[in-house]
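Let me begin by presenting the structure, written as C-alpha cells, before commenting on it.
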Amino acid sequence: LLEIPATIIILSAIALIGGSIVIVPICISVAYIILALCMMRPIRAAMKKTASVSGKRQQILVETFEKSSAIRCCGLTSTWLRQVRDISGKASLAWFHSSLLSSYLATLAYGLFVLAGLVTISVGVGMVWAEEITAGGLIAVMILSWKAIAPLQSISTSVPRLEQLRNTLNQINKLFSINQ
C-alpha cells in the first residue's frame, strides 16, 4: 500500500515514454483488484473454517492428555480415537482447502503478471514497427510495467495471510474479553 504513490508516478512515466501502452498495466491493475475482491470471500470462509476446526482439534488433543486415564478406565478408547481421527481429518481437509484456494490465488496473480508482460510486448512491438516508440523505450516500459504491478501482485497474494491475521486477532480479542 505504501508503494501506491510510486506506482502512480511509474504509470505516469510509462505514459510519457510509451503513450497509450499505459493502458496495459492499468487494466492489469484493475484485474488484480477484481481478483483479490473475488477471492476474498471464499478465502475468508475457508480460513474461518480452518481456524474453527483447528481449535476444536487442539481442544480434543488437550482433553486426551488430561483425561487419558479416565478414557482408558471407562473403556472409551476406541470411541475417543474415532473422535480424534474425525476432527483431525476435518482439520486437515479444511487446511488443504484453504491452502488450495491460496495456491489458486497465487497462480492467477502470477498469470496476470505474465499476461501483463506478454500484452505489453505485443502492443509495444507494434508501436516499435510503427516508429511510435524505440526499442529502448519498449524495454523501459516493460521494466516499469512490472514495477507498477508488482505491489498489486503482492497484495493479492497476501490476502490469505491477511485473513489469517484477522482471524488470529479476533481470537485474541475474544480471549481477552472472556477474562474481563
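Among the criteria (1) in contact (Cβ under 8 Å) with a residue 60 or more places away in the chain; (2) among the charged types (D, E, K, R); (3) in a helix (DSSP H, G or I); (4) open to solvent by 40 Å² or more (accessible area, probe 1.4 Å), the one Glu163 does not fulfil is (4). Filtered by the rule that a residue be over 23 Å from the mean Cα position of the chain (by Cα) and hydroxyl-bearing (Ser, Thr, Tyr), region 101-160 gives Thr120, Ser122, Thr134.
Within region 52-71, is there a residue that is buried (at least 18 other Cβ atoms within 10 Å of the Cβ) and charged (D, E, K, R)? Within region 52-71, one or more residues are buried (at least 18 other Cβ atoms within 10 Å of the Cβ) and charged (D, E, K, R). Looking across region 120-135, the residues that are among the hydroxyl-bearing types (Ser, Thr, Tyr) and either surrounded by fewer than 12 Cβ atoms within 10 Å (Cβ to Cβ) or under 10 Å from Val24 (Cβ atoms) (or both) come down to Thr120, Ser122. The listed residues are Val30, Val24, Val53, and the only one of them that is under 30 Å from Ser88 (Cβ atoms) and among the hydrophobic types (A, V, I, L, M, F, W, C) turns out to be Val53. Candidates Gly117, Gly126, Gly136: the one that is under 23 Å from Ile17 (Cα atoms) and touching a helix residue (DSSP H, G or I) at 6+ places or on another chain (Cβ under 8 Å) is Gly117.
Candidates Ala116, Ala91: the one that is open to solvent by less than 60 Å² (accessible area, probe 1.4 Å), assigned to a helix (DSSP H, G or I) and closer than 25 Å to Ala148 by Cα is Ala116.
The values are calculated or read from the model by the stated rules, or taken from the named source; none is laboratory data. Worth saying up front: this structure is predicted, and the values here are computed from it rather than measured. With ideal geometry, Cβ positions are generated from the backbone for all residues, glycine too; neighbour counts draw on all protein chains shown. Heavy atoms of the whole protein, side chains included, go into the accessibility calculation; ligands, DNA and RNA do not. Shrake-Rupley method; radii C 1.70, N 1.55, O 1.52, S 1.80 Å.
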